[in-house]
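A quick write-up on the structure given underneath.
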Amino acid sequence: MVAAALTDNAVEIAPGVHWVGALDPHLRSFDIILKTANGTSYNSYVVRGKNGVAIIDTVKENFADDFFRRLESVARYDEITTIVLNHLEPDHSGALPELLKRAPQAKVYLSSRAQMMLKALLKPSGEKPPEYIPVTTDDTVDLGGRTLRFLHTPYLHWPDTQCTYLEEDGLLFTGDIFGCHFCDNRLFNDQVGDFRFSFEYYYAHIMRPFREYVLDAVALIEPLEINLIAPAHGPILRHAPRDYVHRYRELATPRLFNEARSEKTLVVFYISAYGNTRRMAESLAAGAESIGGVRVSLYDLEGGESGIFTDLIEEADGLAFGSPTINADAVKPIWDVLSSLTTVNVKGKLGAAFGSYGWSGEAVRLIEDRLRGLKLRVPVEGLRIKLVPDAGELEECRNLGEQLARHLTGRVEHREIDMAALA
Ligand SMILES: Cc1cc2nc3c(=O)[nH]c(=O)nc-3n(C[C@H](O)[C@H](O)[C@H](O)COP(=O)(O)O)c2cc1C
């Protein structure tokens, strides 16, 4: 963080609108999964109208003192009529129980999905839940000459997420979307350092699994007149705020050229020490290709890192994984790719597993369990071949590929049920 002194007071971001958040420059990882080379900030905002004061989001619990000190420099607790929670994750709701004690008259506005979460969050305090009002797109709060309008933008990145638009000023308080973990006490995007990496990294690790929801939210936001975007983390976007909305549309839109638009895509990942699983993969791929209407890609994971395949996986209709069993498990490069699947939405894609083994052959079942856990469809039972596949076994692999292709193209052969056999 640049060491210039930041006042303990609030920072005015527009007339009568203040940042009252907290800076956390020394944080080096967030939510276990994110690296934060520049720390982060927990942004909270105060909006003053003629008839009342609104607080939009709070801060992480251990930063509550900073938040209350800044808040007290611009508003009295008895003036607070409105508390808006764009998102209830603890880094934004940590100071909420104390704020409710200090401003018990305030009404709390949140999305309907947030209500149960609010109860669960306030549970340990033993406090009676405050009066809260569920809101959705186009619901408004009149602060006197200033109107807060809500936008229902779920899953960015929790189910309860919403954005809040200050109509008269064109200010959009977005919660986590358009935010990033980048702490700099100069606060504004035209003054802080180059935070592009953090902005993109945040999208890739937090928003990417929800990209359809991102596109829905962007569609709601694009028609608005926007002078400033005030996210819940990182720089306040007052210079060219619309550029960040455009960038989100780009990021959430499929990014690979796809020559196979009229076809389904099946990506086959494999790894193989002695070539047995590789031969299985090649036969499976040939079988899938023979059906027509499916473009098959074959990747040897020994030659790649899991991260580089993310775009490919996001676009694929089907994913097949081949691994030998080594020490009763699938091998690490396979698990690396399988664990990277959490950063994209794979729900409903077709999944399959195969592999060579020597005696116990656990790998295939373990991969299938993981695929099901990630909510892929696994309609065809995985194929295990003991040691070196012979011609007949390679034919089985080919057959597996054909079946997968039929599932992808909707040309599954329906089994004839012999009624006599059921009797
Ligand atoms: C270090 C090592 C450990 C192995 N552990 C197992 C095992 O736990 N269970 C099993 O069924 N096969 C095991 N195998 C046998 C392999 O799964 C078998 O050789 C397989 O054919 C290798 O396939 P690949 O040529 O595709 O690598 C092991 C092989 C090696 C080299």
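Quick notes on this structure:
- Answer residue from the range 301-323, given it is touching a strand residue (DSSP E or B) at 6+ places or on another chain (Cβ under 6 Å) and within 13 Å of the ligand (Cβ to nearest atom) and is farthest from Gly361 (Cα to Cα) among those: Leu301
- Pair list, Cβ < 6 Å and 6+ apart or interchain, from the range 324-350 residues that are at positive phi and within 16 Å of the ligand (Cβ to nearest atom) to residues that are open to solvent by 10 Å² or more (accessible area, probe 1.4 Å) and not in a helix (DSSP H, G or I): Ala328/Ser360; Ala328/Glu362
- Hey, Ser297 surrounded by fewer than 16 Cβ atoms within 10 Å (Cβ to Cβ), in a helix (DSSP H, G or I) and over 21 Å from the mean Cα position of the chain (by Cα) or not: no
- The C-beta contact set for the range 369-396 (first residue within 16 Å of the ligand (Cβ to nearest atom) and open to solvent by 30 Å² or more (accessible area, probe 1.4 Å), second residue at pLDDT 95 or above and in a loop (DSSP other than H, G, I, E, B), distance under 7 angstrom, 6+ apart or interchain) comprises Arg384/Gly361; Leu387/Gly358.
- Of the residues making up the range 72-110, those that are closer than 17 Å to Val141 by Cβ and charged (D, E, K, R) are Glu79, Lys107.
- Residues of the range 190-224 that are open to solvent by 60 Å² or more (accessible area, probe 1.4 Å) and outside any helix (DSSP H, G or I): Asp190, Gln191, Asp194, Pro223.
The rows are residues; the columns are (1) assigned to a loop (DSSP other than H, G, I, E, B); (2) farther than 30 Å from Phe67 by Cα.
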| site | (1), (2) |
| --- | --- |
| Ile226 | yes, no |
| Ala230 | no, no |
| Gly234 | yes, no |
| Tyr244 | no, no |
| Arg278 | no, yes |
| Glu289 | no, yes |
| Gly307 | no, yes |
| Asp336 | no, yes |
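- Qualifying positions in the range 138-156 - within 18 Å of Arg211 (Cβ to Cβ) and open to solvent by 30 Å² or more (accessible area, probe 1.4 Å): His152, Tyr155
The values are calculated or read from the model by the stated rules, or taken from the named source; none is laboratory data. Because the structure is a prediction, the values reported are computed rather than measured. Backbone-built Cβ (ideal geometry, glycine too); neighbour counts: all protein chains shown. Each accessible area value is taken on the protein alone, full model and side chains, heavy atoms only, with ligands, DNA and RNA left out. Shrake-Rupley method; radii C 1.70, N 1.55, O 1.52, S 1.80 Å.
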